[in-house]
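These notes are about the structure you will find just below.
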Amino acid sequence: MAAKSRKTGSSGPSIAGRLIADLINFRKQKVVDLKAVRNARIRAEELEAVIASEEELSRLDPVHAVYVYAQNKMDIFVAQLGSVPAVKGLVAICVDADREYMPHGPPMSPLTLSYFTCWSFFDLCSGARKESFGTITIEVFRALKADPGLIRLLEKMQASRMGFYVHEGFSGQHVRLRELVTERGLTATVPSGHKGQPGEIWLARIMPDPFEELPFGYSVVFTTPYVIWRLEGDSVFEVGDERGWLAFFERTLGKTGKPDRLAAYEHLMKYGLSRHYWNEYIFEAYLNHVHEAIFLTGFPDLPLSRPHSRESTDLRS
C-alpha cells in the first residue's frame, strides 16, 4: 500500500474568502449555523465553568479539556461544510485519505483518530496559500466575530505540528520531554495514560499551555504517543535511537528547501516531503501497540527499516 501524493494549486480569491461569500449566499438555507459559531465562547476566566458544564470534559485534565472543547467546536463547523463549494477539494482529499488509511487505531490501522483529525484539520492544506480547514475556520470565525478566546485556541492548534521527543523522566504526574533538533524542553500531561520511560523517543503532537494569562504550567500530548522502538536483528530495544534520528534529519532537512535548520524541521514535521509523508511512515512502521501507545520502528527514508514497506514485504515473499 502506498498512497499517492497529490499537488493542488490555487488562483484568485482564497478558499476562506470564497467560503465567506458562500456562507452569505447560504445564510437563508441555514447550511451552517452561523449563530452557533458567533455564540461559541471560551475565555480563560470561564474555563472552569466551561469544563464543568460538559459532563465528558469534566473528567479530563483541564488543559486537555480546553483543547478538546475547541476541537469539538471546529468538528461541528467543518462537518457542516460538505455542501459548500469552496471546500469540496479539501473534503474530497480527506474522504480519500480516510478510505486509504482507515484511521481508527489498531488493530484496524496504526493511524489513530486523534492523529488523523489533527492532520486533516491543521496540516492538510491546499493551494499556494497553504489553506487548511484550520486556517479557513479561523478566518471565517473572525468574519463572524466569534469569541476571540476560541479563535486564539484554534490558532494554537493550527500552529501545532508533530514532533520527535526524547523522554527525559518525570515531574510529578507529568512527563518531561526534549524535542530533537529544536532541543526545546517541556513538561506535559499524557491523556492516553502512557508514562513511558527515560530514553524513549516519541512521535506526537503536543499542544502548549493554552492561556498565557492563566497558565497551568504544562502542555498536553494531544495524540496517542507513537513510541519509536529500535530493532537490531531479532532484538527489540525500547530505548530510542537518538543518534539514528539525528542522522535522518541531517539527510532530510535540506530537501525541504527551507533556509535554516529550524525552519526546515518545522516544515518537515508539519507537511512532510509530500502530502502523505507521515501517514505513510506511521502505516508502514507499525510494530505493535497497547491501549496507551503505539509502537513503530524504522526511518522514513530507509524502506527496509519499516516492517510494512513494499520493499520489506517483497523481501519476505
*Output yes when any residue across segment 216-223 is closer than 19 Å to S171 by Cβ, in contact with a Pro (Cβ under 7 Å, 6 or more places away or on another chain) and among the hydroxyl-bearing types (S, T, Y), and no when none is.*
yes
Restricted to segment 60-92 and to residues being in contact (Cβ under 8 Å) with a residue 60 or more places away in the chain and charged (D, E, K, R), the residue surrounded by the fewest Cβ atoms within 10 Å (Cβ to Cβ) is D61
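Residue-by-condition table, conditions (1) closer than 23 Å to P62 by Cβ; (2) in contact with a helix residue (DSSP H, G or I) (Cβ under 9 Å, 6 or more places away or on another chain); (3) modelled with pLDDT of 95 or more:
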position	(1), (2), (3)
M157	yes, yes, yes
R176	yes, no, yes
L180	no, yes, yes
L186	yes, no, yes
T189	yes, yes, yes
S192	yes, yes, yes
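Being modelled with pLDDT under 95, not assigned by TED's automatic domain parsing to the domain that holds I294 and not aliphatic (A, V, I, L, M) narrows it down to one residue among P210, P148; which is it? Give the steps one after another, and end with the answer.
Numbers: P210 fails: not assigned by TED's automatic domain parsing to the domain that holds I294.
Only one candidate qualifies: P148.
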C118 fails exactly one of (1) assigned to a helix (DSSP H, G or I); (2) of a type outside the set (A, V, I, L, M); (3) at pLDDT below 95, namely (3)
When R99 is run through (1) crowded, with 18+ Cβ neighbours inside 10 Å; (2) modelled with pLDDT of 85 or more, the failure sits at (1)
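For every residue, the table says whether it meets (1) out of contact with any helix residue (DSSP H, G or I) (no Cβ under 7 Å at 6 or more places or on another chain); (2) closer than 18 Å to L153 by Cβ; (3) crowded, with 16+ Cβ neighbours inside 10 Å.
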position: C94; (1), (2), (3): no, no, yes
position: L111; (1), (2), (3): no, no, yes
position: S114; (1), (2), (3): yes, yes, yes
position: F121; (1), (2), (3): no, yes, yes
position: F133; (1), (2), (3): no, yes, yes
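The values are calculated or read from the model by the stated rules, or taken from the named source; none is laboratory data. Values in this document were obtained by computation on a predicted structure and should not be read as measured data. Heads up, the Cβs are rebuilt from the backbone with ideal geometry, glycines too, and the neighbour counts pull from every protein chain shown.
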